[in-house]
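K.L.:
Have a look at this one.
Derivation of every value follows stated rules applied to the coordinates shown; laboratory data play no part. It should be emphasised that the depicted structure is a prediction, and the values quoted were computed from it without experimental measurement. Glycine also receives a Cβ, built like all others from the backbone with ideal geometry; neighbour counts cover every protein chain displayed.
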Amino acid sequence: MAKKRSAVKDTNVKRQKVVAVADVDVQSSLLSIDDIKSIHSKINESSKNYNNIVQLLKQYDLIIPIYNNCSNDQDVDLKSRFLSLTLYKIFSKLISSNKLKVSFGASNELKLVCKWLKAKYDDFKTQLFKIINIKSVDDENDDENEGLYSLKIDSLDLLMKLLNLESQYFSPNENEPYFANLTYKKILINLLKTGELKQILKHDATINNYLLLEFQESYFNKYWDLKYFMFNELQDIINSLDNDTDKQLLVSNVLTLLKSKSIYNITEIDEITSNNYTSNPPLKTISNITQFNSNFEKSILKLINLPLLSNQYKSILLILHKRIIPFFNNPTNLMDFLTDSYNIGFKLNDISISILSLNGLWELINNYNLNYPEFFIKLYAILTPDLLHLNYKSRFLRLLDIFMTSTHLSSSIVASFIKKFSKLSLTAPPSGIVCIIPFIYNLMKRHPTCMLLIHSTSDPLNDANYIDPFNDLEHDPSLTNAINSSIWELQSQIQHYHPNVSSLAKIITQPFNKYNYNIEDFLDWNYEKLINSELSKKYKGELSIEFEKWNKLLGGLKEDDTYLKDYDY
Amino acid sequence: MAGSQLKQLKATLKSAGLTGQTNQKKKGKKHAQKTPNETRRADKEELLSKIREQFNPFDVKVTRNKRADAMEKKRTVGKPGISKQIGEENRRAAWEEKMSRKNKVGGLVDRRFGENNADLTAEEKMLERFARERQAQASKPSLFNLDDDDDDDGLTHLGQSLGLGMSSAGYDDDGDDDNEMDEDDFFSKKRGPQVDIEESSNEPVRKKTKAEVMKEVIAKSKFHKHERQKQQEATKAAVMELDDDFEDVMSTLRSTKQPRGSGITPKSEADIKYDMKVKEVALDRRAAPADRTKTEEELEKEKNDHLASLEAARLRRMEGVLDEDRVADADELDDDFWAGSDNEADGFKIRDSDNEDEANNESEAESESDSEDEDKDSPRNRAAGQVGTITIGGKVIKISSSKAASSIPCPQSLTELNSYVSGNDYRQQISLISKVFQVYQPRLAAGNKEKIGVFTSVLLDYILQLADTEFSKDEREKYIELMEFLSKSIRDLSEKFQEKFCSDFRAHIESIQKRIESGDSNTYPKKSDLLFYTVVGRTFSTSDLYHLVVTPTVILMTETLEFLKIEKNPTHLFAGIYISDLLLQYQRLSKRLIPEVINFLERAFLALIPEPEKVSYESLATREIPAKPCGSNLKPNTELPQELGVLKISEWNVTSESHRAHLLAKLVKTLDGYSSSVFKEKESFQEIALPFIAITKHLVKYHASTPAVPALLSKLQNLNKIARSERKPLRLQAHRAVAIPTYVPKFEENFNPDKKSYDPDATRQEIAKLRHQIKDERKQALREIRKDSQFEAREQIKKKKQDYQDYHSKMARILNSIQTEEGAAKNQYEKEKRQRKGR
């Protein structure tokens, strides 16, 4: 399939210039809508005219190259859409009259016809898949591709309708519950590799693929049986892919499906099968949540072992604890993945991955009794200079707040965290400093021993020989000896250039009367908010003017009377 | 004590010796001796009352007062039952009195002496009455007392009073009569009583009838009317006479000649001048000694004082203390800019000679308004353009005419300014712009101030636009002149148009912020942004703790430092170094810590120094792994420039090795500046300096020959040594223990439980006392009234009941008597019947 498409793609470029001439011929050979109508009525009249189906199907061989050549002609769009619709009508009529099913004890001739029809029916589906897989040459011009878009969405709709029909009429025994999972699998295979790499959004690795979004909106989110069978088949689908691009597309597509909504509502498990797409699905199978969970689990594990893009990786970590872990039978299976990602973060010097995996890890530790050795050492390792510059710092601080809740933590560990944070504040932006000061305040309230960091009880007479005992290079927070040090760095922040930061830093010199600070108020600051809050202040009468008057603004190296000496225009 | 109440009473009485055998010998002599009659009776009374109380405990009521009880005071004891009874009796008496007088109007009250006194006998009463009568007659004033005008009406005749009556009847119209009357009055007083006596002796005074009185009144009014008519006629006649004589009088008046027009002659020139002079002299200020010309030292001192006060205000702002008296300062500085334009050449040093002349003329034109002639002759003046004149109250004021103003527009937008200055080189633009300032001086016309305000903000836009434009080498001099001129103008005008400037600068800040947010390294930073930050720093006081423009600008700059991608982009590297240098200049006085600068300096060093991977990474603050060399790092053998020249903003995108070496040298200098001013006094100097020491150590290996590098290293190490020796553990929580508030009870010396109030203000105390009394009285009175009305109601009901009972008993009696009669009659009838039957 992939080969074929790439071949098509190659020819695309070559042909493009020739198209103008060729197009006219092809279009003229296309059947007009009236022709299609007449053929339709003929087929409806008598089974003798079934051969005309072939004629209709052959139209696709003409249409698809047109789209591959990226021409856009509203006439062709209309014709092809009408063609698909007509064929759907024909086949749906055939299916509902059971003409595609080899009935027991029928004559040989009838069987032959039936088989032939079935072959044509499969042919029809293949053509629809082909349409879905047409790669539009330039995605930039959405307007021009509108025809193709609607055609594709039509095809998807028709396929889903056929799926419904098949499930209804193709069951091996009459009225036995049946879901046409083979067709569904084919649909999924073709659907999940649609889209393009550049459609993958940078920030959360979801894909902006209209086909998939249509599928998600109209089918996937609504119907349980579709969800069930999707994860039933997903492993096979993943196995069947051999192309890296396809795999990445599949990951993004699946992520998009998962991200927006949780896959089912855990509190309403009983009503889960109430909404099904097919009319008579095998209820017994699909109501088996454990089975679903294990399928889901296997598929996800398979998915995360694919070669992921880095933003896909982060995105998976991001949704892990809410959208994935709750639907696992055995969430501990994710442990390896999470610990690995935690360590990868350090290796790649990208703390954000570690921070993100921490969320999932915490979920496992908290709810599934995961025993994580050297947890605080690993936490301490996250306190790198980058931390306070990252956007994920608030996420980390929220978690850290939870980890540090226990009052039974050794004060040497807490002190190490405080000291490290205050050291990081020396190179941090205001948003970072603003986060950590109340955080440290709360820690000190919770662990009053750590007040030693701002108020030493040692004898002032020994100050002359005082040497800071803190070991910055020590990795183990319980061995850094921070408890005997002081946080001069935070004291220096009292002279921070931003007046609010400076006044916030003053809290360490004031009596600790407040019960604690609500950290949430401080987490989400950034430069933009800081400036906007400054600019929102009103002018009240007086702007202080510099009274020192320089003669020149720039570039008087020899003269004293210059504002900025070392530069010139 | 056992037994019934009666038995108990009997026993008590007996034990008290009041009943039974009174003269028992049992108690013997003691008792006998002590019994004179009187005392025994008193004793008896006392004993009885005691026993009464004892047997009737509810008659006595004791008020329980907590305070009084505590002080063991005697309790106040009342007998409500008895007092109630007394009240009842009084009320009944009053009631009976009232009822007895009910439905009776008038009547005589016998006030005769002793009428109600039962003690006197009839004879005594009569005697006493006689004595009183005689006394009264004796004390009565004599009839012949002249001064006595008692109740008598003076002389009367036929019931009409004489003399006095005449005056009251009123001849008030005539003055002569009045005098007479006075005399009459005088005499009447003296003579009156005599006549009275005579008259009264002759015939008795007869009371006048009503008809007579009315007649008298009518007669009197007729008489008055007649008098008035007479008077009027007389006046009329006099007026007629005067009218007749009028012509004669007038003719005589006309015939006499009078001296004419002496007062209204027009004043001569000399007089007018004289008057003017007088007035001027009157209005002149008194001669006063002129201010002494100040000596050099004094001027110096004055200037220093002014600077010191400004510095003190700045310090207060730096500490974040808000002060109110700042407003005056701006006005003080106000005039400098315009004064400069008056005194030629002072305001604008850089000025085209041509323009200077013109400016001179215009300013002359304004200042020398009096010497008209001179100006008219001056050919320069004509060249300068038309000058209009306005005459107000004799004074001739010259202004530059509207035509002159319209020839020089005041550009109100950047496009207008661009079209205004287009086609001129940079130097000519200076003269063009300063011409605008000349023409639109605020004092020349209303609205000019606003126009100039807009113009200056346009200038700000213009200077930023210029900053981004390229210029050729030949133009460089002129370009610099223009830029300096513009930035200086902006700086000078900022005092004048503060609010406008505030919003302008903030608008720029906002637009820069938007560009940063877009994250596009092509649109940010621009040269104009760097220049903008510099202009802000030069214009506003950057040391303030809080400043409406500076604070957001600093945030913007630090955000820039975070935003810059110095490893990839040479302009970013330059911009970063420039900004950190500028921030050093910003903080030269307040010395505030800027973490972003520390971060940036380290990154910049690592991006520039040769072989950065060899720096010991453990001590770095920005990374925990060895730094990777990037494209901008110097080669190990590159020499740093020995002497630091100026870095040109226009060459910020140069990537040559020597340029980068220059940047590194500049960076060394910047770090030097920071460590000797901003970092030096910080408690965490060691932590801040640690990475820089490592980097400098590394740098010394390559550039030991450049004096600045080893100097920086030794400086850092020295400072670090000092900081280490001075390091003490923090003791920030050594707060003074806050005392628990104590409330000392207030003791009153000379406390007296009876004293109600201790108010030191006597009058207030008095008032309070009275108020309290009034309240008490009012309460009592109300209570009395209530009780009275209750009593009355009770009595009325009682009376009604009584009446009812009376009526019914009466009716019953009557009925009874009738029945008896009937019965008797019936009996008689029966008797009669029986007798007849029996017959």
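K.L.:
For B:V109 and B:Q231 in the same chain, what is the full-extension length gain: residue separation times 0.36 nm, less their Cα-Cα distance, in nm?
P.N.:
Here the answer is 38.0 nm.
K.L.:
Then there is this: Go through A:K506/B:K669; A:K506/A:K538; A:K79/A:K130; A:K423/A:K514; A:K161/A:K222 and tell me which ones have a Cα-Cα distance over 22 Å in this structure.
P.N.:
A:K506/B:K669; A:K506/A:K538; A:K423/A:K514
K.L.:
Further question on the same structure: Nearest 20 debye, what's the magnitude of the dipole of chain A about its Cα centre given +1 on Lys and Arg Cβ and -1 on Asp and Glu Cβ?
P.N.:
Charge dipole of chain A: 1800 debye, to the nearest 20.
K.L.:
Which value in nm describes the separation of the simple spin-label points at A:N471 and B:E298, placed 7 Å from the Cα toward the beta carbon?
P.N.:
7.4 nm
K.L.:
Let's test the formula: R0 of 22 Å, r as the Cβ-Cβ distance of A:K538 and B:S511. What FRET efficiency results, to the nearest 0.05?
P.N.:
For A:K538 and B:S511, the calculated efficiency is 0.65.
K.L.:
Further, regarding this structure: Taking +1 at the Cβ of each Lys and Arg and -1 at the Cβ of each Asp and Glu, which of A:Y372, A:L383, A:W362 sits farthest along the dipole of region A:338-405 towards its positive end, judged by Cα position relative to the Cα centre?
P.N.:
Result: A:L383, furthest along the dipole toward the positive end.
K.L.:
Counting other beta carbons within 10 Å of each Cβ, put A:S262, B:S100, A:S171 in order, fewest first.
P.N.:
So the residues, fewest neighbours to most, are B:S100, A:S262, A:S171.
K.L.:
OK, next. Nearest 0.05, what FRET efficiency do B:R783 and B:K756 give at R0 = 22 Å with Cβ-Cβ as r?
P.N.:
So the FRET efficiency works out to roughly 0.50.
K.L.:
Between B:F246 and B:A138, what length comes free when the chain is fully extended (0.36 nm per residue of separation minus the Cα-Cα distance, one decimal in nm)?
P.N.:
Additional length available on full extension: 31.5 nm.
K.L.:
Say the dipole of region A:179-328 comes from +1 at the beta carbon of Lys and Arg and -1 at that of Asp and Glu; which of A:Y223, A:T194, A:L306 then lies farthest toward its positive end?
P.N.:
A:L306
K.L.:
Using 19 Å as the Cα-Cα cut-off, could you pick out the over-long pairs in A:K261/A:K284; B:K435/B:K648; A:K125/A:K152; A:K259/A:K284?
P.N.:
Listed pairs above 19 Å: A:K261/A:K284; B:K435/B:K648; A:K259/A:K284.
K.L.:
Could you work out the relative contact order of region A:275-371, using alpha carbon pairs under 8 angstrom and six or more residues apart, expressed as a whole percent?
P.N.:
Normalised by residue count, the contact order of region A:275-371 is 26 percent.
K.L.:
Could you order the peptides B:464-471, B:824-831, B:665-672, B:725-732 from most to least packed, using the average number of other C-beta atoms within 10 Å per residue?
P.N.:
B:665-672, B:725-732, B:464-471, B:824-831
K.L.:
Restricting to Cα pairs below 8 Å that are 6+ residues apart, what does the relative contact order work out to for chain A? Please round to a whole percent.
P.N.:
It comes to 8 percent, rounded to a whole number.
K.L.:
Evaluate peptide B:496-509: per residue, the Cβ atoms of other protein chains within 10 Å of its Cβ; return the mean as an integer.
P.N.:
Counting other chains' Cβ atoms within 10 Å and averaging over B:496-509 gives 2.
K.L.:
Modelled label-to-label distance, A:N343 and B:E613, 7 Å Cα→beta-carbon offset: nm?
P.N.:
Those two pseudo-labels are separated by 2.5 nm.
K.L.:
Evaluate peptide A:492-505: per residue, the Cβ atoms of other protein chains within 10 Å of its Cβ; return the mean as an integer.
P.N.:
6
K.L.:
Next up: Tell me which chymotrypsin sites (Phe, Trp or Tyr not before Pro) from region B:676-747 have a DSSP coil assignment and no more than 13 other beta carbons within 10 Å of their own.
P.N.:
In loop regions of region B:676-747 (DSSP not H, G, I, E or B), the sparsely surrounded chymotrypsin sites (Phe, Trp or Tyr not before Pro) are B:Y743, B:F747.
K.L.:
Can I ask one more? Step through the table entries B:K565/B:K614; A:K552/B:K451; A:K347/A:K378; A:K37/A:K93; B:K614/B:K721, compare each Cα-Cα distance with 18 Å, and write down the pairs that go over it.
P.N.:
Table pairs above 18 Å Cα-Cα are B:K565/B:K614; A:K552/B:K451; B:K614/B:K721.
K.L.:
Same structure again: With labels modelled as points extended 7 Å from the Cα through the Cβ direction, what inter-label distance (nm, one decimal) is found for B:E748 paired with B:S809?
P.N.:
6.3 nm
K.L.:
Given a Förster radius of 41 Å and the C-beta distance between B:T19 and B:E96 as r, what FRET efficiency does 1/(1 + (r/R0)^6) yield to the nearest 0.05?
P.N.:
So the FRET efficiency works out to roughly 0.60.
K.L.:
Taking the Cα centre of region B:684-839 as origin and charging only Cβ (+1 Lys, Arg; -1 Asp, Glu), how large is the dipole, in debye to the nearest 20?
P.N.:
The calculation lands at about 840 debye.
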